[in-house]
Amino acid sequence: MSNNNINTNNSSNAILDIINLEKRFGNNLVIRDISMSVFEGEVVSIIGSSGAGKSTLLRCINLLEEPTGGDILFHGKSILTDRKSVSSYRAKVGMVFQQFNLFNNMTVLQNCVVGQMKVLGRSRAEAEETAKMYLDRVGMYAFADALPRQISGGQKQRAAIARTLCMNPEVILFDEPTSALDPEMVGEVLSVMRSLVKGGMTMLVVTHEMGFAREVSSRVIFMDSGIIEESDTPDVIFTSPKKERTRAFISSIL
Amino acid sequence: MPQTFFGGVSFILSKYWSLFLRGTAITLVVSLTGTIFGFLIGLIVALLRTIPVHKTDKPLKKLSVRFLSFILSSYIEIFRGTPMIVQAMVIYYGGLSKALSGLHDVYKGIAAAIIIISINTGAYMAEIIRGGIISVDPGQMEGALSIGMTYRQAMFNVVFPQAIRNIMPSIGNEFVVNIKDSSVLNVISVAELYFMSKSAAGAYLRYFEVFFITAVIYFILTFTVTRILRVIERKMEGKDSYTIHGSQSYSKASIHITSESKSIIGGGLK
């Protein structure tokens, strides 16, 4: 089922506004000029070939990379000027990584608890209760006591999603969440993500899973060499893209 | 004085056992304490040297970080680049002896030894710990930052515990090296095992017998310490087993997974 409600440009309910973003590594201009907004309840998929700057864009939004130009607004406020609020901003903008990045020195449960206690100041009891609830939701409650090295890639990614959910983020950034998984494990992670979409979670997803992008996205963004080439409903992007580059990309992967 | 080798050894032992015992005790005390303080020095140096600098940081912070890092790397280079026996002479006669002149001779020697070993070990530890920190997958730090932890929280809760586990063998190695290398401190009259042996050997001019005993003691010390460190390392690996819980609504159901049952199940759990 595709969801066709494209948000009108009513910036009052935009969670994120990205304005003329630029990221340069030395002489290499990875993100040239990107402007976009993410609205509450939206699921935005970012597609494009490798090296288009998709992951870098997400990493800039989470400030894991320092943008070299432009601005990022969170509820209308710039997050680049105020370094002190970076941590609380990051807690509200969750990130799920391609390599999971579960803390290897902690059990699955501890992974979900530590951030709640250190960042949100929750008590252990409260944090564990929240953690168990979200672990149950992603089907990982059974493995709460396991260490990351004892579980499979798909299980790790589901635990990582639970860890992010525990922080009650307003938006979750997914950086190719299934790219490091064996094919038979991709499905279990996608179905967890699908359930998040149903729950109304705002999501920004960099993905190569075109079927998934087409099915759940409210908007699909096609990126090419550091810019947004085209942004439209999944139906338009996948069946009748307006730009030549988009068409070439879509035909190369379908 | 018996003329056979073993006769000589048992004669020396019966006469000087308390000397050997005291020397061994002092060797253990100064090398263990020196290693612990050296670790703390190294820890501070390594943490300071791994502070990231952002382009957006204030110029004052950038300048002070750069200055600090120059001082710290000079310390590391100098103390790793000169022998401890020379460092001992320079530090001891360059002021440490005067500074400790209020102490009784034995304690003065112990204090001086601990200070010198700590400073020397600190330089090695700094690099070991820094290596440990940078060898942890950067994704661990990113994962921690991404859920809103500060750099410090991420370092102490996520990165550092993993770094320590990885460098445990090197830390243990430093301790073993210190047990042996504290012998050079006999040049500033620290009453450790080598110093005591020299006095014992001088009395009857039986160097071979005495230092045979000394070698055996050193070996027992280092061998025992190495075994103990192995056990600690294995403990730090974390448990092999874990319990699979039933669903939250029916949490009484559970399966306990151990390394043995894993092999029975046949690698179903990675």
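Figures for the structure shown
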| item | result |
| --- | --- |
| Farthest toward positive dipole pole in the protein assembly as shown [+1 Lys/Arg, -1 Asp/Glu at C-beta], among B:Gln87, B:Thr243, B:Gly38 | B:Gln87 |
| Spacing of the two label points (7 Å from each Cα toward its C-beta) at A:Phe25 and A:Arg124, in nm | 4.1 |
| Within chain B, helix-based [θ] at 222 nm, where runs of 4 or more DSSP H residues each add -39,500 (n - 2.57), nearest 500 | -24000 deg cm²/dmol |
| Electrostatic dipole magnitude of chain A [Cβ: Lys, Arg +1; Asp, Glu -1; Cα centre; debye, to 20] | 460 |
| Between 0 and 90°, nearest 10: helix B:207-236 axis offset from chain B longest Cα axis | 10 |
| Dipole of the protein assembly as shown [Lys/Arg +1, Asp/Glu -1 at C-beta], most positive-end residue of B:Gln162, A:Ile31, B:Gly148 | B:Gln162 |
| For chain B: rounded, prolate or oblate by the Cα gyration tensor [a/c cutoff 1.5] | oblate |
| Estimated FRET transfer efficiency when R0 is 45 angstrom, pair A:Ala248-A:Ser88 (beta carbons, to 0.05) | 0.60 |
| Within region B:7-67, trypsin sites (Lys or Arg not before Pro) in DSSP loop having at most 16 other beta-carbon neighbours inside 10 Å | B:Lys55 |
| Highest-MSF residue in chain B out of B:Pro52, B:Pro161, B:Pro83 [GNM, Cα springs under 10 Å] | B:Pro52 |
| Cβ-based exposure ranking for B:Lys58, A:Lys156, in which fewest neighbours within 10 Å come first | B:Lys58, A:Lys156 |
| Cα-based reach from A:Lys84 at 14 Å (exclusive), listing aspartates and glutamates while leaving out same-chain residues under 8 positions away | B:Asp57 |
| Mean separation of Cα contacts under 8 Å (6+ apart) over length of region B:53-127, as relative contact order % | 39 |
| Cα centroid of region B:55-133 to Cα centroid of region A:111-165, whole Å | 43 |
| Straight-distance crosslink candidates among lysines, where the alpha carbon sits under 17 Å from A:Lys156 and sequence neighbours closer than 8 are dropped | A:Lys132, B:Lys270 |
| Fraction of beta bridges assigned by DSSP in the protein assembly as shown that are antiparallel (%, nearest 5) | 60 |
| Length-normalised contact order for chain B - Cα pairs under 8 Å, 6+ apart - percent | 26 |
| Förster-model FRET efficiency, 30 Å R0, B:Ile44 and B:Phe219, C-beta, rounded to 0.05 | 0.35 |
| Exercise: per-residue mean of other protein chain Cβ atoms within 10 Å, A:136-148 | 4 |
| Antiparallel content of DSSP bridges confined to chain A, in %, to 5 | 55 |
| Set of lysines near A:Lys23 by C-alpha distance (under 17 Å), chain-local residues within fewer than 8 positions excluded | A:Lys54, B:Lys55 |
| Region A:167-254: relative contact order as a whole-number percent, Cα under 8 Å and 6+ apart | 22 |
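No lab work stands behind these numbers, since they all come straight from the coordinates. Everything numeric here is computed off the predicted structure, so don't read it as measured data. All Cβ positions, glycine included, derive from the backbone under ideal geometry; neighbour counts span all protein chains shown.
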